[in-house]
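The structure appears right after this line, and notes come after that.
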Amino acid sequence: MSNIEVNVGQHQPGFEEKQEEKQEEKKEVTEDMVKKEVLTALGTPREMSRFNARNVFDNRWRVTIYIHKGKSFAEEISDSFFLHMDENGKIEKSDPKIERKHL
């Protein structure tokens, strides 16, 4: 009978390197990518004054679009969404759903 050794938890050759390669392949979604996707789907509000997009966690973004209110410098929220973006910067989910409402 032969003895077989099993080394649980021992380093597997190349494992760490493969993990590093996967992380390098992953594209980072930027605010500009989110803005392009949202405004393509929604349209650009005529009086848009600001577009805020913040990655809350793990490509889940809070997006708020502000417009000028009347002729003053005051702003109001035109649209607000919570988005889940894929690694290529495309919208996977949106709450609420983005519907085209601006030209």
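Kindly check whether there is at least one residue in the range 49-70 that is among the polar types (S, T, N, Q) and more than 24 Å from the chain's Cα centre (by Cα).
no
Please name all residue pairs, on different chains or six or more residues apart, with Cβ atoms under 8 Å, provided the first residue is in the range 26-40 and is farther than 11 Å from LEU83 by Cβ and the second residue is part of a loop (DSSP other than H, G, I, E, B) and acidic (Asp, Glu).
Sorted first by the residue in the range 26-40, then by its partner, the pairs are LYS26/GLU87; LYS27/GLU87.
Return yes when ASN3 is surrounded by 10 or more Cβ atoms within 10 Å (Cβ to Cβ) and either modelled with pLDDT under 75 or polar (S, T, N, Q) (or both) and no when it is not.
no
Among the residues of the range 42-99, count how many are within 18 Å of VAL29 (Cβ to Cβ), of a type in the set (Lys, Arg), part of a strand (DSSP E or B) and touching a residue at least 24 places away in the same chain (Cβ under 8 Å).
1
Hey, LYS18 hits all of (1) modelled with pLDDT of 80 or more; (2) of a type in the set (Lys, Arg); (3) over 22 Å from the mean Cα position of the chain (by Cα) but one; which does it fall short on?
(1)
The values are calculated or read from the model by the stated rules, or taken from the named source; none is laboratory data. Fair warning: this is a prediction, and the values are worked out from it, not measured in the lab. Every residue, glycine among them, receives a Cβ derived from its backbone with ideal geometry; neighbour counts consider all protein chains shown.
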